[in-house]
Amino acid sequence: MQGRQAGTALLLLLAVVVAALPAPSLGWGVDGHLIICEIAQGRLSDAAAKAVNDLLPSGAGGNLSSLCSWADRVRFRYQWSAPLHFIDVPDNVCNYSYDRDCKDEEGVKGRCVAGAINNYTSQLLTYGSSSLSPSSKSSGQYNLTEALLFLSHFMGDIHQPLHCGFASDRGGNTIDVHWYRRKTVLHHVWDVNIIQTAEKDYYDEGAGEFVDALNKNITGAWSDKVQEWEECAKSQTACPDKYGSESIAAACNSAYKGVTEDSTLSDAYFGSRLPVVNLRLAQGGVRLAATLNRIFG
């Protein structure tokens, strides 16, 4: 028991220490992941909420969103995890194929965000098995706390359109642009800048009001679409290929569209792309909850 407690304490300490480091461009920014996990946590079944609370480190206070960016923060410790945040598709190809695209730079199959979602879903399905340790933090060879944090993060990543982007520009990471007057890269615009600008302009610079607005749309304007968002074909527990296909389509139709090297992106781009970001954040939260409900239900 002491060993497991020490491991959990180390996990929390690591999260705190690395929080001060500059965040790499590996996923939605901190607020994007927080928004997705806040939406998801409010939609968990009783069984899933209990399991999530059981698996989270005690210092998290049962709040999944507080550690939803953990997978970005441990990239420097877990260097093997870097390819698991994204999918590279061939240049100017606006469709996704698991067999063609889900691999790392060395060509190892399954080493992409879709493969990671499948892997950590499988690990979490061992929760509640007869081999589960009394603390419910590990099952056989798996660390289920880390599996939960990776899955929650990667479900967010795969809904960011440029995490299923073109290989040559690394999902917009090598396309220099200006967001209004500030120099950045296109990937960062989608990770951070659109969300931060929306918070500043519409939500009193807070993610909480952003979450409330998205939840109102989920139960209102989008309510007739939510069941379709939640469903997976063939009784799958997770269906990341569906989400990756949506993301590359959104990358082609919205993220890359009209953008060239040194473009200045301002009101027109922000106003036309914010609805896409809103939709993907909402879908990510709804689908994370649906996946956790299927895992722990």
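Coordinate-derived values only; no laboratory data. Keep in mind that this is a model prediction, so the values were computed, not measured. Here Cβ is always computed from backbone atoms with ideal geometry, including for glycine, and neighbour counts include all displayed protein chains.
Note on the chain: GNM, Cα springs under 10 Å; of Asn63, Asn92, Asn193, the largest mean-square fluctuation is that of Asn92. Mean-square fluctuation check for the chain, GNM, Cα pairs under 10 Å: which of Gly172, Gly271, Gly244 is largest? Taking springs between Cα atoms under 10 Å, the residue moving most is Gly271.
Of the residues Leu214, Gly156, Gly244, the one whose Cα sits farthest towards the positive end of the charge dipole of region 155-297 is Gly244 (charges of +1 on Lys and Arg Cβ, -1 on Asp and Glu Cβ, taken about the Cα centre).
Counting each pair of different Cα atoms once, what's the Kirkwood radius of the chain in Å, rounded to one decimal?
Taking the inverse mean of 1/r over all distinct Cα pairs, the chain comes out at 19.4 Å.
In region 54-166, taking the dipole from charged Cβ atoms about the Cα centre, the farthest positive-side position among Ser69, Gly165, Val113 is held by Ser69.
Of all aspartates and glutamates in the structure, those lying under 12 Å Cα to Cα from Lys109, and not within fewer than 8 positions of it along the same chain, are Asp99, Asp101. Using only alpha-carbon positions in region 60-134, the gyration tensor eigenvalues give semi-axes of 28, 17, 12 Å once each is multiplied by 5 and square-rooted (largest first).
The 3J(HN,Hα) values that the Karplus relation (6.51, -1.76, 1.60; θ = phi - 60°) gives for region 93-102 are, in residue order, 9, 9, 9, 10, 10, 4, 4, 7, 10, 8 Hz. Gly and Pro appear as x. Largest GNM mean-square fluctuation among Lys103, Lys242, Lys200, using the chain with Cα springs under 10 Å: Lys200.
Translational D (Stokes-Einstein, µm²/s) of region 148-224 at 10 °C and 1.306 mPa s when Rh comes from the Kirkwood sum over C-alpha pairs? Roughly 111 µm²/s, to the nearest whole number. Would you list which aspartates and glutamates come within 19 Å of Lys216, measuring only between C-alpha atoms, while excluding same-chain residues fewer than 8 positions from it? Cα-Cα hits under 19 Å: Asp31, Glu38, Glu199, Asp201, Asp204, Glu205, Asp224, Glu228, Glu230.
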